[in-house]
Amino acid sequence: MKKYEAGTEREAIDKVKNELGLDALILNIRKTKPRGVFSLFRKPTVEITAAYDPPENRLKKIEELRDPKQDSALRAGSQEQIHILEKKLSTAEDLLGKLMGQLSIAQQISQSSGARKYENRIIQLFYDTLVNQGVTPEIADKVMEDANSIDDASKIDIQLVSKIIYNTILRILGPAEPIEMIHTKRTRYVLFMGPTGVGKTTTIAKISSILMLYHNLKVRLMTADTYRIAAIEQLKTYAEILGLDVDVIYNSQDLENHLDPIRDQDNDVVLIDTAGRSHRNRENFKELGELLALLPDSVKLLTLSMTTKYEDMLSIVNAYATLTDYKLVFTKLDETTCFGSILNISYLTGKRIAYITNGQNVPDDIKIAHPEMITKALLGMGGEAF
Ligand SMILES: Nc1nc2c(ncn2[C@@H]2O[C@H](COP(=O)(O)OP(=O)(O)OP(=O)(O)O)[C@@H](O)[C@H]2O)c(=O)[nH]1
Ligand SMILES: [Mg+2]
């Protein structure tokens, strides 16, 4: 038994004939369809599984079947085998029938929902890719606007269409704004805020290491997370490895005492951790507002986990927007294959993204949120993105 692959069925069959001769048996013909946006560049292929049974073998088998001396028990056995085979075949047919049924239902759904919006196949493909990534249909439409407005003759040029769409997404995401790129003469105060358990403390540990190791910056750590003893310990553990202290702030008054400009002259960056807060808890939120009021010139990083449902993410960004301006950090990209929320949130808030994180390892699993990287992930270019 052997497999033969070619561009068309004809070519594949010719290959089989050339090698195995006219007696070859075709066991299976499989057509492979390339998927995704870049399927347009790849040709479908046909794979044929063929077998060759030499004629002398077959003759022997026929003779065996015809042999009158053949043991009757053997014949009874083969009868039984045929019976089992028949049964198996009918269940397989059943299963196939069910599958076909499901397939036609799926087709009906996709047709009735008017899935095809764009006359141009290339634009439709990009639209579908974005929607499959979790980009909302409205935002995916916005992304297609520029590409769809060029004349029909130019739309055939897939490179041109791809370039326009790629650039539109880059424009929406805007340039990454990580802390190391914020240049001021004064100390940079950076406050991390966001819902519970999204990865604020872990991200602070990652960023401190990067700022110290790769940018040679002097870092000071503070935590305003005093709800849980373990939270202070968690940051202290990372700080110890880096040879840093952690100042604990118990309330806003305490923060004032700790904001020591003279002392901070020695520091390039002061990273402040806060307790995770539910945006639906008003009391909690008011307290964060008080902290923020004491740090008017600080950079605020709103940390969001990619595992949060998009609707919840929306109400989180809106709640925080009532408190302050901020940049975004998206965490846990390793736990999803849908990156659409990044584009949605970026489009709706107009906020810049500082970092993305893609794992629990400190300090390796963090990246500057370069828009090119995010765009490629959204369009399925270049395999595993994160
Ligand atoms: N898979 C994955 N896990 C992460 C990532 N970032 C953080 N985590 C994990 O998420 C969990 C919570 O992380 P923390 O850093 O404690 O989160 P936090 O936002 O400080 O939590 P609270 O202070 O309790 O609000 C830990 O188990 C981290 O290891 C990431 O990028 N990917
Ligand atoms: Mg924390």
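The values are calculated or read from the model by the stated rules, or taken from the named source; none is laboratory data. Small disclaimer: the values here were computed from a predicted structure and weren't measured. Every residue, glycine as well, gets a Cβ built from its backbone with ideal geometry; the counts of neighbours run over all protein chains shown. When the accessible area is computed, the model is the full protein with side chains, heavy atoms only, and any ligands, DNA or RNA have been set aside. Shrake-Rupley method; radii C 1.70, N 1.55, O 1.52, S 1.80 Å.
Some values worked out for this structure:
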quantity: Alpha carbon Rg of the stretch 301-386, scaled by the compact-globule rule 2.2 N^0.38 Å; calculated: 1.04
quantity: Local electrostatic count at residue 170 - Lys and Arg +1, Asp and Glu -1, tallied over other residues with Cβ under 13 Å; calculated: +2
quantity: FRET efficiency, residue 32 to residue 167 (Cβ-Cβ, R0 35 Å, nearest 0.05); calculated: 0.65
quantity: All-pairs alpha carbon distance profile, the stretch 121-173, 5 Å steps from 0, percent; calculated: 4, 22, 35, 25, 11, 3, 0
quantity: Surface accessible to a 1.4 Å probe, residue 365 within the full protein complex, Å²; calculated: 30 Å²
quantity: Efficiency of FRET between residue 266 and residue 349 - r from beta-carbon atoms, R0 45 angstrom, step 0.05; calculated: 0.85
quantity: Nearest-0.05 FRET efficiency for residue 145 and residue 217, computed from C-beta distance (R0 45 Å); calculated: 0.60
quantity: Simple spin-label estimate for residue 315 and residue 124 in nanometres, 7 Å along Cα-Cβ; calculated: 3.7 nm
quantity: Counted charge near residue 341, where neighbours are those whose Cβ lies closer than 12 Å (Asp, Glu -1; Lys, Arg +1); calculated: 0
quantity: Too-long pairs where the Cα-Cα distance tops 26 Å, listed order kept, from 15/155; 200/309; 43/332; calculated: 15/155; 43/332
quantity: Summed side-chain charge close to residue 289 - residues other than residue 289 whose Cβ falls under 12 Å, Lys, Arg +1, Asp, Glu -1; calculated: +1
quantity: Computed accessible area, residue 332, all protein chains, 1.4 angstrom probe, square angstrom; calculated: 60 Å²
quantity: Share of alpha-carbon pairs per 10 Å distance bin for the stretch 103-241, given as whole %; calculated: 9, 26, 18, 18, 18, 11, 1
